[in-house]
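The values are calculated or read from the model by the stated rules, or taken from the named source; none is laboratory data. Please read these numbers as outputs of a predicted model, since none were measured by experiment. Reconstructed Cβ throughout: ideal geometry from the backbone, glycine too, with neighbour counts over all protein chains shown.
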Amino acid sequence: MRKTALAFGFLLAAPLAAHADPYKWCAVYGGFGNTRESCYYMTIAQCQASVSGLGGWCKPSPWYDGKPVRTPEDGYAAQPRKKKRVSRQ
């Protein structure tokens, strides 16, 4: 039972480590020890527009690693073609 639970835990954690976070900015709302963060902004302008009038600020996301992220809209990466084997008879 423990091995099954451990294997299941690894399966859940593996996809999280495989995908880079494309969101560079976090909006921070609230204050006085009761702050909330929303780290779903690709540009500083998006973040600033979100906190405008709400009394918040923007900060760099601690999860952003700067690596490019492929999305389904980008399509598939080009794969090199395999050479066909010619059978000699």
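Worth a mention:
- For beta carbons closer than 9 Å, sequence separation of 6+ or different chains, a first residue in segment 24-39 that is modelled with pLDDT under 85 and a second that is surrounded by 11 or more Cβ atoms within 10 Å (Cβ to Cβ), the qualifying pairs are G31/G56.
- Number of positions in segment 43-73 that are among the small types (G, A, S), at pLDDT 90 or above and either in a loop (DSSP other than H, G, I, E, B) or surrounded by fewer than 11 Cβ atoms within 10 Å (Cβ to Cβ) (or both): 3
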